[in-house]
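Take a look at the structure set out below.
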Amino acid sequence: MTLLEVADLRVAFPGPTGDVNAVNGVSLHVEAGRTLAILGESGSGKSVTAQAVMGILDAPPARIGGSVRLHGRELLTLPRKQRDRVSGEEIGMVFQDAMAALNPVFTVGHQIVEVLRVRRGMSRVDARRRAVELVERVRIPAARDRLRDYPHQFSGGMRQRIMIALAIALEPDLLIADEPTTALDVTVQAQVMELLAEIQRDSGMGLILITHDLGVVAEVADDVAVMYAGRIVERGTVEQIFAGPAHPYTEGLLASMPRVDRRDEQLYAIPGAPPNPARLPAGCPFHPRCPRVTDECRVTLPPLAALPADRASACHHHEEVLRATRR
Ligand SMILES: Nc1ncnc2c1ncn2[C@@H]1O[C@H](COP(=O)(O)OP(=O)(O)OP(=O)(O)O)[C@@H](O)[C@H]1O
Ligand code: SF4
Ligand SMILES: [Mg+2]
């Protein structure tokens, strides 16, 4: 069942030298009970896409177009009050920086209890009990006592867990996690990611996981959307994409992934840098960096074309790419 359907989403920010086109027609869907990973280099529009879905972009100044449907209901045209209710209750969000998401002057217990009281109308006693359960659910030892602590009294990993507890407090249908573990050290990253994947499986919610980490994608995602310059350039299941990407950018990302079986070889790096969203190149936005570029690519923007088996690629030469990469 399709939970979230985003169609031709566009987000532009007015800038001193013209518009910054951060998102340029993103279409994606999230199925209930599945995890969609959104991959792409810095500045490709992953967070802005998430913020537009979550309804937390200030517009104006941002200009937002296209469609975002949750359970078939259009969110972009909802009046502010209803939109806030959907964002608060049906979609949860976890960020990279828990310190920014949590209020430093209240105990974490107070923050969880307040959400439950205000949004669910729970009594103080019931909300307290539920808060203990939630903090236990994210595996924080001595949950009852820790509810009396302030955010700064937790380690980075524990703070991420608190933010996850807060995000799932209202049992959202969709959780958006935007680089939830980037600021943590590697072992803690793995633990938090495992927890997130486990909660997703148990609750059956849909999860959008934004990450730079292909290892994480292989481990926890079902579906993948690869973003470049504010567009989805490839979409498919994890198996499809790892078995043979259909876009040269994905091919480059996979080639630059560290592999245990090839430890001594030098890692590939995609040449050049992502384009400035205020001055996108003509034709395919990846063409200045693409090893498979042809004249057509410099002139014509490739649409995101449907391929067999419900995958998609925005490359004029996707057939050749697939033939070359399929293992
Ligand atoms: N509020 C804003 N006002 C103006 N420009 C913005 C705003 N937010 C993001 N941008 C620009 O939009 C583009 C996309 O940003 P976004 O944060 O979505 O990238 P990202 O893919 O999440 O990158 P990262 O991996 O670094 O988090 C960038 O060029 C960014 O500078
Ligand atoms: S359209 Fe051309 S430049 Fe763009 S990714 Fe495909 S081969 Fe490369
Ligand atoms: Mg981001």
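Before moving on, here are some points about what is shown:
- Of 281, 300, 180, farthest towards positive along the dipole that unit charges on Lys, Arg, Asp, Glu beta carbons give the chain: 180
- Amide H contacts under 5 Å for residue 35, placed H, 5+ residues apart: 207, 222, 223
- Sequence of 326, 120 when ordered by accessible area, the most exposed leading, probe 1.4 angstrom: 326, 120
- Taking all Cα pairs closer than 8 Å and separated by 6 or more residues, the relative contact order of the chain comes to 21 percent.
- For the stretch 1-145, the solvent-accessible area with a 1.4 angstrom probe is 49 square angstrom per residue.
- Once the Cα atoms are used to define both axes, helix 186-203 deviates from the longest principal axis of the chain by about 80 degrees.
- Whole-percent carbon and sulfur share, accessible surface of the chain, 1.4 Å: 52
- Rounded accessible area of residue 118 (nearest 10 Å², 1.4 Å probe): 110
- Extension gain for the segment residue 267 to residue 1, taken as residue separation times 0.36 nm less the Cα-Cα distance, is 91.8 nm to one decimal.
- Integer Hz, Karplus 6.51/-1.76/1.60 couplings in order for the stretch 70-79, x for Gly and Pro: 10, 6, x, 9, 5, 9, 5, 9, 5, x
- Per residue accessible area in Å² of the stretch 204-327, where ligands, DNA and RNA are left out and the probe is 1.4 Å: 50
- Residue 326 paired with residue 71, simple spin-label distance in nm, labels 7 Å along Cα-to-beta-carbon: 4.1
- Applying the Karplus relation 6.51 cos²θ - 1.76 cosθ + 1.60 with θ = phi - 60° to the stretch 109-123 yields 3J(HN,Hα) values of x, 4, 5, 5, 4, 4, 4, 5, 6, 6, 7, 10, x, 6, 6 Hz, where x marks Gly and Pro.
- Of the listed residues 318, 110, the order by accessible area with a 1.4 Å probe, largest first, is 110, 318.
- Among the chymotrypsin sites (Phe, Trp or Tyr not before Pro) within the stretch 65-161, those in coil by DSSP and having at most 16 neighbouring Cβ atoms inside 10 Å are 106.
- Inter-label distance, residue 8 to residue 103: 4.1 nm, where each label sits 7 Å from its Cα along the C-beta direction.
The values are calculated or read from the model by the stated rules, or taken from the named source; none is laboratory data. Since the model is a prediction, treat every value here as computed from it, not as a measurement. Virtual Cβ from ideal backbone geometry, glycine too; neighbours counted across all protein chains shown. Quick note on the areas: whole protein, heavy atoms, side chains included, nothing else; ligands and nucleic acids left out. Shrake-Rupley method; radii C 1.70, N 1.55, O 1.52, S 1.80 Å.
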